[in-house]
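Asks: Following this message is one structure expressed as structure tokens.
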Amino acid sequence: MYSLIIIFLLAIIFVPLSFAESSNVGIIYWKQEIVSKNSFVDIYVEDDDMNKKEYPNFADKFTIHVWSDTSPNGLDIQVVETGVYSGIFKGSVFVADSGETLNNRLVSNPGDILYAKYIDNTLPTGKTSEIISTAVVKISGQNMDEILNKIDPSLRSKKTTELVPSWVKNNAGWWADGIVGDNEFVQSIQFLIKEKILVIPLVETKTSTSQEIPSWVKNNAGWWAKGEISEADFLNGIKHLIQTGLISTDSEAKSDGKNDIFQECESIKSAYTRLGCEKEIKQKIEFEDFKNKSTGYTVGSTIFYYPEIGNFGNELEISTGGQALLRLRIMVENTGTDNITLMCTGPSICNYDVWDGSKAFKYAGMDFVSGQIVIKPKTSFIFNIMFGPNIGYGGTTFEFDETKEYYFRINESWGKTTIPLNLSK
């Protein structure tokens, strides 16, 4: 009798959890929970099952339904996959305070609740589910929390789009746990600044005599990685660090005089345009230096340049916990006449990995945007990819054995090759 009761209780506990953890359950959310009238707003659906892969070189798409208090009949809009194999779909609707609800125009008044519905018909149970997410139209000069709090919590957006790539968040968590050092964390911040995800106001930066990053910053990084604080809170803390001089992200040597190579930019009066001119020249110098100190590997109409471990950020490190961390920084030059695309939508679906002769290792972090990097003809691009702890989604834990040879494998539709990494040198 008691055995039957125990089995029954275990069934109650574990069966729902197995469904909750399934990747087959889709989600839908508005980019902002509070939207302005007479503006476009994005809606996202995430569901790997809708990534049909029927056409390998094209993104999938389908329709969802949106409506508002003012326009209860609403309309259907199309959502399109953000990248081939991404499983993330994006659509846009124009929230208008006048006119007719038609095409992608949804008439709504200030204070209206907006609804978006996705019907998930690929659940593990074989049934279908209507998933609804809400937002509200802002009333000028009014705090919208009162309206938001009246909405059924199950309809409130549980996710908003994040600006920071997942590999940066992983790095922050590993840094907080002591798996990676301060240098790797700072490199992540440099990437955010370079990509203008983190914008530092033009104010005088203080100089600090302290060489250590305060412990509260590491705590913030750990909390953000665990979802205990928002992305905005984390980025605000980093801005404070840079502005108070507690952390420096300037990786370039400073000079008292102007370099002759920038003379062509001196005549430009606009500060913004002049900085753009100087940035382009610096990038050309970086690419040329990278190429001269690397070995080139031709793949289709491209050349992949690898400068060996110890150069340009290519590093192999064993953490205090014994975890091997391999960071690769590789330049790709498009020597052809057409655009080429580097594809990697996730650890399990990626055209790049590391091979030790018997086992493939999937990445733990990289800076591909929406799963792809497009390189125009006669241009170059440097990308970063790291192998280390398993982050899930088909990933693997990187293992290093000094007796083995390791290779970086490229397996694109337009070309394939293996690059010897020479990790044991």
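Asks: Over region 293-420, what per residue volume does the convex hull of the Cα atoms give, in whole Å³?
Replies: Residue-normalised Cα hull volume stands at 104 Å³.
Asks: Which order results if Thr244, Thr320 are arranged by neighbouring Cβ count within 10 Å, fewest first?
Replies: Thr320, Thr244
Asks: Under the definition of Cα pairs under 8 Å and six or more residues apart, what whole-number percent is the relative contact order of region 293-420?
Replies: For region 293-420, the relative contact order is 27 percent.
Asks: Here's something else I'd like to know. Going down the list Lys169/Lys239; Lys169/Lys218; Lys61/Lys127; Lys37/Lys61; Lys293/Lys362, which pairs span over 18 Å between their C-alpha atoms?
Replies: Lys61/Lys127; Lys37/Lys61; Lys293/Lys362
All of the numbers you see were taken from the coordinates with simple rules; none came from a lab. Keep in mind the model is a prediction, meaning the values are calculated, not measured. So basically every Cβ, Gly included, is an ideal-geometry build from the backbone, and we count neighbours across all protein chains shown.
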